[in-house]
Amino acid sequence: MSSENLGAVKVYQKAESLYEISRHLVSYVSFNKDLVKLYQSNSLRDIIANSLLTDTRLISKNMAQALSSKSYSERLQNATFINIMIRNINSYCTGLEKDGVKEKEYLNLLRKEIKSFRKSFKKWIRTLPNSSDDF
């Protein structure tokens with residue numbers, strides 16, 4: 001699938017939306033407002049925020065790879081990785097809460113977006129063929 005067509009796929013749009021919401025959340029709750037340098041911070045909140053941004057970006061990247069791949073096993077491998085990232089993001093939200101983020105409505109908004117993405121993602125997975133076409 002070409003990069004122009006990716007924008008038309010609902011599950012990819014949701015992955016990009018997930019990244020945008022994460023980026024806005026992180027810029028609001030992090031102590032280091034330079035998002036590019038979050039990884040250099042010693043603050044637990046900034047470390048969690050950096051991981052959150054990284055994983056949401058990886059979801060979009062892996063979603064694009066899965067959508068453009070003709071290999072069933074590669075699509076499944078990307079889907080498995082995306083499931084792991086989804087679980088991680090939920091854990092990061094809990095970590096930010098435990099670190100004292102008081103704006104829980106923002107975390108809940110991200111959780112709601114994760115839930116919406118997961119629903120679209122599961123629907124997309126069901127469209128995958130049941131057998132391998134790698135032969």
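Observations, loosely collected:
- Filter result for T56 (closer than 18 Å to V11 by Cα, touching a Ser or Thr at 6+ places or on another chain (Cβ under 9 Å) and not aliphatic (A, V, I, L, M)): yes
- Residue within the stretch 112-131 that is aromatic (F, W, Y), open to solvent by 20 Å² or more (accessible area, probe 1.4 Å) and modelled with pLDDT of 95 or more present: no
- Here T80 does not qualify as under 26 Å from Q13 (Cβ atoms), surrounded by 21 or more Cβ atoms within 10 Å (Cβ to Cβ) and under 13 Å from the mean Cα position of the chain (by Cα).
- Among the criteria (1) out of contact with any Leu (no Cβ under 7 Å at 6 or more places or on another chain); (2) open to solvent by 20 Å² or more (accessible area, probe 1.4 Å); (3) in a helix (DSSP H, G or I), the one K102 does not fulfil is (3).
- Of residues in the stretch 11-67 being charged (D, E, K, R) and not in a helix (DSSP H, G or I), the one least open to solvent (accessible area, probe 1.4 Å): D34
- The listed residues are R23, R75, and the only one of them that is closer than 20 Å to I125 by Cα and not small (G, A, S) turns out to be R75.
- Criterion violated by K61 - all others in (1) under 17 Å from V9 (Cα atoms); (2) out of contact with any Lys or Arg (no Cβ under 9 Å at 6 or more places or on another chain); (3) at pLDDT below 90 satisfied: (3)
- Taken as a whole, the structure places Y72 among residues that are in contact (Cβ under 8 Å) with a residue 24 or more places away in the chain and touching a Leu at 6+ places or on another chain (Cβ under 8 Å).
The values are calculated or read from the model by the stated rules, or taken from the named source; none is laboratory data. For clarity, every value in this text was computed on a predicted model and none was experimentally measured. Positions of Cβ are generated from backbone atoms using ideal geometry, with glycine treated the same way; all protein chains shown enter the neighbour counts. For the accessible areas, the whole protein counts, side chains as well, though only heavy atoms, and no ligand, DNA or RNA atoms are used. Shrake-Rupley method; radii C 1.70, N 1.55, O 1.52, S 1.80 Å.
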